[in-house]
Structure formats: C-alpha cells, structure tokens
Amino acid sequence: MHSILYVGTSLGPLLALGTARKVGDGEVQLTQPGHDEPLEFILERDPSRALRWLTARPIDVVVVDARVATGVPSSDALAMLERLFPLAESHGLGPRERTLVLVDGDSVGARIAYEAGRHRVLPPLAGDDHDAVLTQLRGLVATRGRGRIALCLAGGGIEGLLYEVGVLRALDRFMLDRRVVDLDLFFGISAGSILSSFMANGVSPDEIADGLRRGTDRIPRITRADLFDVNVGEYARRVWGFSRSLVGQGDARNPLSALYRAIPSGAFAGDRLRAYLQRVLNGPGMSDSFEETRRPLFVGATDQDTAEAVVFGEPGWTDVPIHKAIRASCALAPFYTPERIGGRWYIDGAFTRTTNMRVAVRHGASLCLLVDPLVPIHSAQPGYVHARGGLFGAMQGLKALINGRFDKAAVTIAEMFPNVAFHLFKPESEEMRVLSGSPMKFLYREEIEQLAYDSTVRKLRAMLPRLQRDFARHGVRLQEPVQTPGADPYADGLQAVV
C-alpha cells in the first residue's frame, strides 16, 4: 500500500471519484473503478503535524493543496515548502520528485507555483480538475520503486582506512534489517577501494577491524613490509640512465634535464601490496573478479597520461582483476609507482575524483553514504603546518585541493539529483588533528578507529530522524542500540530500541 500525505482541508472532491473507506485516524483508502490497488491518503490540515508524519513513517507522495476551496492558506503552503526543502540545503524532509503542489489559476497561485519551482518540486497543477490530480498521483505511485543504497569510500592512507572502519562499525550498529555488507553498491577510491572490495565480498567492518589488529582467516594482518617495498629496481634503472646521459651515451640531454628524468616515479614499488591483495581476494569465500563479488563493486583510478577518471567494474572494465584495480587506485604519487594495466599506466583515483557519487547515481543509487577522511587540518595557531616540515605542508596542500574540489562537486551533484539523499561522514575537530600529515604513516592506531567510531555514534544520534526517514524509504530500519547490562555499549550482542 502506497501512502499519500495530503496537506489540505478536504479530500471530498477526490473521494467522490471512487469508493472511500476510513482505515485510521485521518487515513482514508480510495478505490477507483478499473484500478486494483487503492490509494491511501493521510489528510492533515496542520502543516506542522504533516511534517511529523514524514518522520513517523515512509511517505511515497506529498500533496500540498494551496487552493482556496480545499487547501491550506497560501502562507502555510509556502512555509511548508520551505520547511520541507530548505533552499540552503541539498536535500529535504520529503521526496522532491514526488511532491505535488495544487494551486488556483490566479495571481496567488502563480506566486506559489514560482516558489515551488525554486524549491525544485514537481510542476504544480492549477485548477479543479480532480481527475487530472488522481491520474498524476497514480503515475507518481507507479514510478515509486525502492532505490539502491550505495557506499562510497574515499582515500586517506592507512589512517584514513582506520577512520573509515570506525565509521562503518558505528553505522552497522544502528542498522536493524540489514548490515553494511548487505548494501546494494560499493564504490572505493585509493584506501577506500581496499575496504570496498572486502565488504563487496561479504566481510563485515568488525572482521576487517579484527584482521587489521591481529589477522583473521580471511583478512590476514597487513605488515609494514607489505606496504613499503623500496622501489630498488626503478632506482637502479634511473641511475643507470642518468649516468649514460652524463657521458653522452643514449638520449643525451643537459644535466639538469637528465637529473629530472632520473627521479623514480615512486618511492615504493607496490609489488608486495599487490601480492597481499591478490592473496586475500583469492582466499576462501572471496573473489578477485568484478563479475563474481557478492555485491557490485566499482574501483576508481586515474589514467596518468590522459588525467581521465576510470572506474574499474563498469562495463568494459570488468576483466581486470580486482587486486590490480585496487593497486592502481592506491598509486599515490610520489609514494607508489603507477600500475600498468592493458598497456596504460594508472595512478590514485583521488587525483580526479574524491568519491564516485555521480557513478553511484548512474547505477541506480537513491541513497548515497559517503565517507571522506581526506580533509585538511584547520588550526587557529599561526605556523602550525609550517612548523611540521615540508612533507606535512605538502600533504596539507594536497588535502586542501582535493577537499575543496569535493565540496564543490558534492553541492553540484546534490542539486543535479534532488531525488537522491546524500549523507557525508568526515573528520571534524579532534579527528582532523589526529589524521593530519602524511597518509603513508604505518602504525595500527586503535585510537583512530575508536575515535571515529565514537564520533560517528554521536553524529548518527544527531542525524537519526533524517537518516531514519531516508533508510525507511529503502526498507531499512535504523535505531540507536542500547547497552545490555555488563556489555560494551556498542558490542555485537546489543538490542535495539523499538
């Protein structure tokens, strides 16, 4: 049964077009000849109470009746539009693409229609053609389908990966009907591609955390040697080429140009990281093929020679083994060498995209959960970054560029797709300080994961009404877990508040 929240004073003219049956306080079912499924209306005269309906249960269609005969006063209609879809926010309390405004064909109606356009809802219907109203409502109900939930994870090095694990563990505690690994689509870039590939194979955030701490059967502990294998081979080749240039052999160039060409493409070869990923993804219960993962997986990288974003896992890019796609996505210059795939060289996907929000929408996502740990530190202390040296300053600049690009892209994409709900989790205040500096630090710091977990729990509590509404539209209930006597406040055995 589809629910239509009707904000107005009377349903009489619509109910006269069929057979009406009262099913609850303010709820009426309308059955029409020639239609098997009835429409369920919730009539609410008070706009404030109407807004509460949107947080109390899933609503498929919202009708704001601003006509004199059957609607609320024009001032109330305008106030409700602003409260439903604030102009300063990218998403609102209700479904924009299924919010219909009814107006009279006069100057007042024209003003309300103009405001409806500013709030990016459906084009209003003018006049008293009630058959046309019901026809449009049935069309909106018919197109109402459960969308897909996408998880988009950005990069951020080892510590960014730990931050993302903490966020996902917290989110897992709040979901009742599904787990994070049961979401519909997984997108990852750089460090986020590692987590995404594990979860697309059904590995939970808790198991990933255990694997990072001490190793499990499916996720062996990654070591410093797996991450930092010095790029000896390329160093030797570059030095040999440089020496030949100096003595006038081969492609002779001036000494400064030859010196530039002698600098390796990366400090670390990344061969052991590739081998680690290949070993994990070819283990029991795992898959190294984009066509065989438990859930669809997409990994973002950058073609080094064209500076174009590439998404492995999309049509035409599914034949690449996942471990090689991840290695390409993690090739952050100048730390790691590029990854060669199919005769092309690929580097970190963060150079062209922070997350693949737009790609997620293209694949049917109507709810996108974004985790982005790659944010610059914000310090009121002058010289804070400068005092920490050149590498710290370079990473601060890189993070600022990537984060500034992402902020602009997020606003633009949210405006382009008003029917998609986007929720972003990123470090704030103390988290920013802990995650500052080089993303290549290797040290399993459980406090980062725990800090991210605790902070996300607080954010989820504050965001809960809005999140509950968006998750409910996708058939998932969200509730804050409660502590069982003598247990960890957010351990696995917790029960939910019902």
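The values are calculated or read from the model by the stated rules, or taken from the named source; none is laboratory data. Model, not experiment: these values are computed from the prediction. Methodologically, a virtual Cβ is constructed for each residue, glycine included, from the backbone with ideal geometry; neighbour enumeration extends over all protein chains shown. Only protein heavy atoms, including side chains, enter the accessible area calculation; ligands, DNA and RNA are left aside. Shrake-Rupley method; radii C 1.70, N 1.55, O 1.52, S 1.80 Å.
Out of curiosity, is residue 387 in a loop (DSSP other than H, G, I, E, B), open to solvent by 30 Å² or more (accessible area, probe 1.4 Å) and either in contact with an Asp or Glu (Cβ under 8 Å, 6 or more places away or on another chain) or at pLDDT below 85 (or both)? Criteria not met by residue 387.
Of a type in the set (Ser, Thr, Tyr), under 27 Å from residue 412 (Cα atoms) and touching a His at 6+ places or on another chain (Cβ under 9 Å): is that true of residue 55 in this structure? No, not satisfied. All told, residue 81 falls short of being farther than 20 Å from residue 138 by Cβ and in contact with a Lys or Arg (Cβ under 8 Å, 6 or more places away or on another chain). Reported count of residues in region 175-221, each being outside any helix (DSSP H, G or I), aliphatic (A, V, I, L, M) and in contact with a strand residue (DSSP E or B) (Cβ under 9 Å, 6 or more places away or on another chain), is 5.
Scan region 336-361 for residues that are in contact with a Gly (Cβ under 6 Å, 6 or more places away or on another chain) and of a type outside the set (S, T, N, Q) and the total you get is 4. Just wondering, is there one or more residues in region 176-186 that are touching a Leu at 6+ places or on another chain (Cβ under 6 Å) and at pLDDT 95 or above? Yes, region 176-186 contains a residue that is touching a Leu at 6+ places or on another chain (Cβ under 6 Å) and at pLDDT 95 or above. Listed by first and then second residue, the pairs linking a residue in region 464-486 that is more than 14 Å from residue 177 (Cα to Cα) and open to solvent by less than 30 Å² (accessible area, probe 1.4 Å) to a residue that is at pLDDT below 85 and assigned to a helix (DSSP H, G or I), with Cβ atoms under 8 Å apart and 6 or more places separating them unless they lie on different chains, are 469/54; 469/55. The set of residues in region 17-46 that are within 40 Å of the chain's Cα centre (by Cα), open to solvent by 30 Å² or more (accessible area, probe 1.4 Å) and at pLDDT 85 or above comprises 31, 43, 45, 46. Assess whether residue 375 counts as being of a type outside the set (Phe, Trp, Tyr) and modelled with pLDDT of 85 or more. It is false that residue 375 is of a type outside the set (Phe, Trp, Tyr) and modelled with pLDDT of 85 or more.
What about residue 162, is it at pLDDT 90 or above and either aromatic (Phe, Trp, Tyr) or within 24 Å of residue 299 (Cβ to Cβ) (or both)? Criteria not met by residue 162. All conditions in (1) more than 21 Å from residue 472 (Cα to Cα); (2) modelled with pLDDT under 90; (3) surrounded by 13 or more Cβ atoms within 10 Å (Cβ to Cβ) hold for residue 72, with the sole exception of (2).
Would you check if residue 288 is at pLDDT 95 or above and surrounded by 13 or more Cβ atoms within 10 Å (Cβ to Cβ)? Criteria met by residue 288. Filtered by the rule that a residue be within 30 Å of the chain's Cα centre (by Cα) and among the charged types (D, E, K, R), region 47-94 gives 52, 57, 60, 82, 83, 89.
Please go through region 119-166 and pick out each residue that is assigned to a helix (DSSP H, G or I) and open to solvent by 50 Å² or more (accessible area, probe 1.4 Å).
131, 135, 136, 142
If you go through region 138-186 and keep only what is free of Cβ contacts under 8 Å to residues at least 24 places away in the same chain and among the aliphatic types (A, V, I, L, M), you end up with just 142.
Restricting 295, 274 to residues that are under 23 Å from residue 184 (Cα atoms), at pLDDT 90 or above, within 35 Å of the chain's Cα centre (by Cα) and surrounded by 14 or more Cβ atoms within 10 Å (Cβ to Cβ) narrows the list to 295.
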